[in-house]
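Trainee: Just dropping this structure here.
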Amino acid sequence: MESKSESRIQFLFLVPIFILFCAYFLPLARISSYTVFRGVELYDLYWSWPEYQPPFSGYGAMVALLMLIPALALVGVVLSAIGTRLTAPFSALFSIFNLALTLGLLFPGYEPLVRSANPAELGLPLPRPGLPELVGEGHMGLGYILLVVVSILLLLYSLYYIGAGGRGAFTVSTENAIYDSVRKNIRQYMMIIALLGIWGIFYVLTENGVFMTSRNLSNLFLQSASTAVVATCVVLILVTMNIDLSIGSVVGFIGAIAAVMQTDSPIAKWIAGQGFSDQWMAIFAILGGLLIGFAIGAWHGMWIAYLGVPAFIVTLSSMMVFRGGILAFTGGKSIYNMKPWFQAIGQDYVSPGASKWVMGAVIILYVAFELRRRFVRQRYGFAVSSWLVQILKLAVACVAIFIFFYIMILYRGVPYAWLIVLVVMVILTFIAEKTTFGRHLYAIGGNPEAARLSGINIRRKIMYLYLVMGIVTAIGGIIFLARLNAATANAGNGMELDCIASAVIGGTSLMGGEGFIFGGVVGALVMGSLDNGMSLMNLDVTWQYIVKGLVLLLAVWVDMINRKRGS
Amino acid sequence: MEYDSDNILEMRSITKNFPGVKALDNVSFTVKRGEIHALVGENGAGKSTLMKVLSGVYPYGTYDGDIVINGQVQRFGAIRDSENAGVAIIYQELTLVKTMNICENLFLGDEIAGRGIINWNASFRRAAEVLKEVGLAINPATKVLHLGVGVQQLVEIAKALVKKTDVLVLDEPTSALSAEEAKNLLDILRSLRDRGVTCVFISHRLGEVMDIADRVTVLRDGQTVATLNRGGFTEDDMIARMVGRELTELFPYKPKRAGGVLMEIRNWTVVDVESDRVVIDNVSLTLRKGEILGLAGLVGAGRTELVMSIFGVYGRVVSGEILLNGKPVKVGTPHDAINSGISLLSEDRKRYGLVLGMDIKNNLSLAALNSLSRHGVVSENEEILSANRYVSSLNIKTPSIEQKAGNLSGGNQQKVVIGKWLMTRPEVLVLDEPTRGIDVGAKVEIYHIMNRLVDDGVGVLMISSELPEVLGMSDRVVVMSEGCITGEMLKRDASQEKIMTFATARFRQSKAAAAALSGGE
């Protein structure tokens, strides 16, 4: 009874807050989104395009202010509305920022400052409407007064939270649900935080913070694409307590075959002689690569699953065999000049305009799937999280998707290679979490004896897994070749260690039975960021190896401590 | 207490508690210098616990009472300390490094060496001497790998002798040996005794005990029942003292009307793949619809091996067939077994039953995942639904089905494994030690679950080493000993003495047969 009446009080509180929120949030959201995005764009322009000259000295500081104040104000508003025990003090703090911003808007110099930073005036891309168009000249006076009043009210309200023991709009159970979901997925969150942390460190360490430009981040993503693709499947291999040491050689081998099939070799000449166009030759090269990958997977699966040779030895053997195979196919020479269609896989971008549509589709699909899941669960009569929590979850995920695409769009759009990464990631995640096959893999890794006694045919599952691994490695090899546009004798050297390290950094346990696909992708980005950042710092390759090795060690050690504490 | 120089080892009023269980209750155990002293008792009587206290596996401070060796009170912090005091224990599972040769094994951890460099000449000379003491004429450079179990056992004894052992403890030394090997071992023990080595001999084979022991101490329920002197007792006297545990637990036995024959095992013979020993010898067995068939026997009688081989996960089946509802079925893998309606709850739930890192839901559905999925895609909602159903019907105490199985108590873990097998809708449910290591409340709940299953027409084959449980829950009892079925009785005819007689039966018979043979020559 008590909780019911409590929630009604909460509800009564919510109504005026909601009205205030709308009244305040809409204009603020427009202004702050304008200034935030303008700030990001200007900042990015400044470092990505050398021809762009800043309008005045101290410009960087102003951009930071533009970005910071509205962002903090927005956070303040959101926190005020959802105030929890934890956030109440912060919301008060941010309400002060609100006030500062709204009062700052009254300052006559503010608007011209923003206008002066309009890149459109410099003849560069990305024209944007000015501030007055957004807020509307006619409503300026009224809007500003409203903003000031509301932010004072919000400040009082958040002070009241603190006074009232920090009870906000969330009931205690809702708060607990949020904390629970954070705690349950702590490893996922930690990884992303670690990635952002590494980015932050490189932002500080690289000259002029050049690491954090869309151009560099886009490059970084493109460089990591082939590792990321392969790492997704390495996660599953490690989950079953197996390993694949042959990735680097197989990636190089697939690349050599795909290269031979489309440049001036006897095979390629024969294909061209049949009257096939360049496009078809690119497609044949891709299909050939996939087929060989499948065959290599079958070879590994046969030895590991059915003939009982440890995966370590089988793939160590392949590591040498296929390195030799590359030499046999290329004759030790490098092969250049892939077909344009083929190169596009590793070098080209979906145009920024189309990327926005892709982003929209991804977000809509994601939200639709999550909501459908929710409704189905409700129909089965299972407990679902409250709408507030649900919307928060969706919002966080959507913001993450948005930031990813936004970085890409700011530069040239989404690389085709990353579309492939995303598709492979989604498919493997589906396999891992939704299919009997995936469940069996986790059981085999968690306790092979129990899995066998539960009627799982371990050999067959491991065979299938290596077939999938073969195909995924082939995809990685194709992206790798397309990006470099050259098949060389030592292509892919050492890539297996990058992939295994990515999976492990991404939270896959080497003891088997634990790991998730998304982690492999984030792990690949961590490894890629280390490479990229240290190159930008002009650090020697020597140091790159040393740092990467130590980061791997550190990541696993931290993970083991967490695991111990968790169990 | 007075120091009696005749006594090489005295364990005085040893009490050892485990959470919820008093494993040893004021046990006194005295061994005289130069005797062979047998220690007997049913499964769970406390023999192993007592020996673990003696060897320092349970260090000083975790038990009450004193260990006195040669008149000195000992405080063992670790196994190493007891070894230094002259106690060597040889366990059932041999601890030799198979890839090393005999000589390396004999001195492992205690090498004859000067400044860290092993003196191989001295080592081999000493090894040859010790091997002669245990009656082995064998090159010490032979790898242990190539030795039979009986010889390995003797090498273990030699290893103990190398360490200047005063008290040699043998835990079930003959259980894996053939009759001849066992006889040879007993002869060697006698000759060692004659040379002054004191020996504690733990065995289920009461015939051997009669044969070799100078004195016998009987344990029951963690207490010393009696110490008997050679010549002053018979095998039946021993059995009478071993059994007789109080039926303290309430068994919710329900009389049932058993239906027709559900499963029949015919002439089932299984060979262990590693040692090539016949483990199950021509066993035939029937299970009826709606009955609980108790499979009793001492540890090592081959009960677990029998059901594991039926389930397709143990040994090489040499002969025999399985009939389900009168029709022969072929079972080569657990998959086949589950599909034909046989499910096996194995004795070690952590090793064979659960994936501890997975949540309850995934553990429950693991064996029945195909029935919960379409085109290989698991219907998560159906899965949650049935997981919830089993959690509530089996009364698994957990905040949610997303709790990891490793976080549950033993009783609840066991219920999860039972639920996993119930999800496969078995006709025959084999329960191997279903209540091992769980508290009394959970035990009674599991008995109720068994009753409900039997009401639904499932045939339950229950292996249990707890005689009261077998007597309390089974409609019919089959007793195994050394891979054979030695007795079968209905509930009303069964008693602890009777089961124990059958459970120790076969060796006596074969010995009698051997005696008859040798007498005939």
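Trainee: What's the number of the condition B:I360 fails, among (1) within 14 Å of chain A (Cβ to nearest Cβ); (2) open to solvent by less than 30 Å² (accessible area, probe 1.4 Å); (3) touching a Gly at 6+ places or on another chain (Cβ under 8 Å)?
Mentor: (3)
Trainee: Let me ask another. Look at A:S265 and say whether it is over 18 Å from A:D498 (Cβ atoms) and under 25 Å from the mean Cα position of the chain (by Cα).
Mentor: For A:S265, the condition - over 18 Å from A:D498 (Cβ atoms) and under 25 Å from the mean Cα position of the chain (by Cα) - is not met.
Trainee: Somewhere in the stretch A:340-359, is a residue under 21 Å from A:T429 (Cα atoms) and either touching a residue at least 60 places away in the same chain (Cβ under 8 Å) or within 27 Å of the chain's Cα centre (by Cα) (or both)?
Mentor: Within the stretch A:340-359, one or more residues are under 21 Å from A:T429 (Cα atoms) and either touching a residue at least 60 places away in the same chain (Cβ under 8 Å) or within 27 Å of the chain's Cα centre (by Cα) (or both).
Trainee: Scan the stretch B:126-181 for residues that are within 16 Å of B:V200 (Cα to Cα) and under 23 Å from the mean Cα position of the chain (by Cα) and jot them down.
Mentor: B:Q153, B:L154, B:E156, B:I157, B:L168, B:V169, B:L170, B:D171, B:E172, B:P173, B:T174, B:S175
Trainee: Please determine whether any residue of the stretch B:425-438 is away from chain A (no Cβ under 11 Å), surrounded by fewer than 23 Cβ atoms within 10 Å (Cβ to Cβ) and among the small types (G, A, S).
Mentor: Scanning the stretch B:425-438, I find at least one residue that is away from chain A (no Cβ under 11 Å), surrounded by fewer than 23 Cβ atoms within 10 Å (Cβ to Cβ) and among the small types (G, A, S), so the answer is yes.
Trainee: Return yes or no: is B:S309 within 14 Å of chain A (Cβ to nearest Cβ) and outside any loop (DSSP other than H, G, I, E, B)?
Mentor: Judged against the criteria, B:S309 is a match.
Trainee: Just the residues that are open to solvent by 30 Å² or more (accessible area, probe 1.4 Å) and more than 7 Å from chain A (Cβ to nearest Cβ), please, taken from the stretch B:381-397.
Mentor: Of everything in the stretch B:381-397, those that are open to solvent by 30 Å² or more (accessible area, probe 1.4 Å) and more than 7 Å from chain A (Cβ to nearest Cβ) turn out to be B:E382, B:N388, B:R389, B:Y390, B:S392, B:S393, B:N395, B:K397.
Trainee: Would you please list the contacts, defined by Cβ atoms under 6 Å and residues six or more apart or on different chains, that run from a residue in the stretch A:488-512 that is free of Cβ contacts under 8 Å to residues at least 24 places away in the same chain to a residue that is among the hydroxyl-bearing types (S, T, Y)?
Mentor: none
Trainee: Give the residues of the stretch A:424-441 that are within 12 Å of chain B (Cβ to nearest Cβ), open to solvent by 30 Å² or more (accessible area, probe 1.4 Å) and within 24 Å of the chain's Cα centre (by Cα), sorted by residue number.
Mentor: Within the stretch A:424-441, A:F430, A:I431, A:E433, A:K434 meet the criteria.
Trainee: Looking at (1) within 26 Å of the chain's Cα centre (by Cα); (2) buried (at least 19 other Cβ atoms within 10 Å of the Cβ); (3) not polar (S, T, N, Q), which one does A:L536 not meet, given that it meets all the others?
Mentor: (2) is the only condition that A:L536 fails.
Trainee: Looking for something of a type in the set (S, T, N, Q) and away from every other protein chain (no Cβ under 14 Å) - is there at least one such residue anywhere in the stretch A:292-315?
Mentor: Checked against the condition, which is being of a type in the set (S, T, N, Q) and away from every other protein chain (no Cβ under 14 Å), the stretch A:292-315 yields at least one hit.
Trainee: With respect to the numbered conditions (1) closer than 16 Å to B:L39 by Cβ; (2) surrounded by fewer than 20 Cβ atoms within 10 Å (Cβ to Cβ); (3) in the same structural domain as B:F29 (by TED's automatic domain parsing), which one is the sole condition not fulfilled by B:G231?
Mentor: Condition (1) is where B:G231 drops out.
Trainee: What pairs come out if I take residues in the stretch B:181-209 that are more than 21 Å from B:G148 (Cα to Cα) and pair them with residues that are open to solvent by 40 Å² or more (accessible area, probe 1.4 Å) and modelled with pLDDT under 85 whose C-beta lies under 6 Å away, six or more apart or interchain?
Mentor: These pairs meet every condition: B:G207/B:R508; B:G207/B:K511.
Here's the yes/no breakdown for (1) among the hydrophobic types (A, V, I, L, M, F, W, C); (2) part of a helix (DSSP H, G or I); (3) open to solvent by 60 Å² or more (accessible area, probe 1.4 Å):
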position: A:S218; (1), (2), (3): no, yes, no
position: A:L222; (1), (2), (3): yes, yes, no
position: A:V234; (1), (2), (3): yes, yes, no
position: A:N242; (1), (2), (3): no, no, no
position: A:L245; (1), (2), (3): yes, no, no
position: A:G255; (1), (2), (3): no, yes, no
position: A:A268; (1), (2), (3): yes, yes, no
position: A:F276; (1), (2), (3): yes, no, yes
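Trainee: Right, another one. Take the stretch B:363-374 and flag every residue that is within 9 Å of another protein chain (Cβ to nearest Cβ) and either without any contact (Cβ under 8 Å) to a residue 24 or more places away in the chain or aromatic (F, W, Y) (or both).
Mentor: B:L369, B:N370, B:L372, B:S373
Trainee: Further question: Take A:N457 and decide whether it is without any contact (Cβ under 8 Å) to a residue 12 or more places away in the chain, in contact with a helix residue (DSSP H, G or I) (Cβ under 9 Å, 6 or more places away or on another chain) and either surrounded by fewer than 24 Cβ atoms within 10 Å (Cβ to Cβ) or outside the structural domain of A:V251 (by TED's automatic domain parsing) (or both).
Mentor: yes
Trainee: Of all residues in the stretch B:273-301, which are surrounded by fewer than 24 Cβ atoms within 10 Å (Cβ to Cβ), assigned to a loop (DSSP other than H, G, I, E, B) and aliphatic (A, V, I, L, M)?
Mentor: B:V273, B:L298, B:V299
Trainee: In addition: Within the stretch B:233-245, does at least one residue satisfy the condition of being more than 19 Å from B:T504 (Cα to Cα) and not polar (S, T, N, Q)?
Mentor: no
Trainee: Those residues that are open to solvent by 10 Å² or more (accessible area, probe 1.4 Å) and at negative phi, I need them from the stretch B:302-323; list them, please.
Mentor: Correct list: B:R303, B:T304, B:E305, B:M308, B:V313, B:Y314, B:R316, B:V317, B:V318, B:S319, B:E321, B:L323.
Trainee: Please enumerate the residues belonging to the stretch A:509-521 that are assigned to a helix (DSSP H, G or I) and buried (at least 21 other Cβ atoms within 10 Å of the Cβ).
Mentor: Answer for the stretch A:509-521, where residues must be assigned to a helix (DSSP H, G or I) and buried (at least 21 other Cβ atoms within 10 Å of the Cβ): A:I517, A:G519, A:G520, A:V521.
Trainee: When you scan the stretch B:182-259 for strands (runs of 3 or more DSSP E) that lie fully inside it, which ones turn up with 1 or more residues that are modelled with pLDDT of 85 or more and basic (K, R)? Walk me through it before giving the result.
Mentor: Numbers: elements: B:198-202, B:215-220, B:223-229.
Passing ranges, in order: B:215-220.
Trainee: I'd like to know if the stretch B:202-213 contains one or more residues that are on the phi < 0 side of the Ramachandran plot and more than 25 Å from the chain's Cα centre (by Cα).
Mentor: Taking every residue of the stretch B:202-213 in turn, none turns out to be on the phi < 0 side of the Ramachandran plot and more than 25 Å from the chain's Cα centre (by Cα).
Trainee: If you take just the strands (runs of 3 or more DSSP E) that sit entirely in the stretch B:26-126, which of them hold at least 3 residues that are open to solvent by less than 60 Å² (accessible area, probe 1.4 Å)? Write out each step before concluding.
Mentor: On the way: elements: B:36-40, B:64-69, B:72-74, B:87-90.
Here the list reads B:36-40, B:64-69, B:87-90.
Trainee: Cβ-Cβ below 7 Å, separation at least six or inter-chain, first residue in the stretch A:252-263 and without any contact (Cβ under 8 Å) to a residue 60 or more places away in the chain, second among the aliphatic types (A, V, I, L, M) and surrounded by 24 or more Cβ atoms within 10 Å (Cβ to Cβ): which pairs?
Mentor: Between residues of the stretch A:252-263 that are without any contact (Cβ under 8 Å) to a residue 60 or more places away in the chain and residues that are among the aliphatic types (A, V, I, L, M) and surrounded by 24 or more Cβ atoms within 10 Å (Cβ to Cβ), the close pairs are A:M261/A:A285.
Trainee: On to the next question. Among the residues of the stretch A:446-455, is any among the acidic types (D, E), within 11 Å of another protein chain (Cβ to nearest Cβ) and in a helix (DSSP H, G or I)?
Mentor: Yes, that holds for at least one residue.
Trainee: Let me ask another. Could you please let me know if A:A489 is open to solvent by less than 10 Å² (accessible area, probe 1.4 Å) and under 24 Å from A:G252 (Cα atoms)?
Mentor: Numbers: open to solvent by less than 10 Å² (accessible area, probe 1.4 Å): no; under 24 Å from A:G252 (Cα atoms): yes.
Judged against the criteria, A:A489 is not a match.
Trainee: Which residue is farthest from the other protein chains (Cβ to nearest Cβ), if the candidates are limited to the stretch B:324-353 and must be in a loop (DSSP other than H, G, I, E, B) and either at positive phi or open to solvent by less than 40 Å² (accessible area, probe 1.4 Å) (or both)?
Mentor: Looking at the filtered set, the residue picked out is B:G326.
The values are calculated or read from the model by the stated rules, or taken from the named source; none is laboratory data. Note that the coordinates shown come from a computational prediction; the quantities given were computed from them, not determined experimentally. Every residue, glycine among them, receives a Cβ derived from its backbone with ideal geometry; neighbour counts consider all protein chains shown. What goes into the accessible areas is simple: the full protein's heavy atoms, side chains included, and nothing from ligands, DNA or RNA. Shrake-Rupley method; radii C 1.70, N 1.55, O 1.52, S 1.80 Å.
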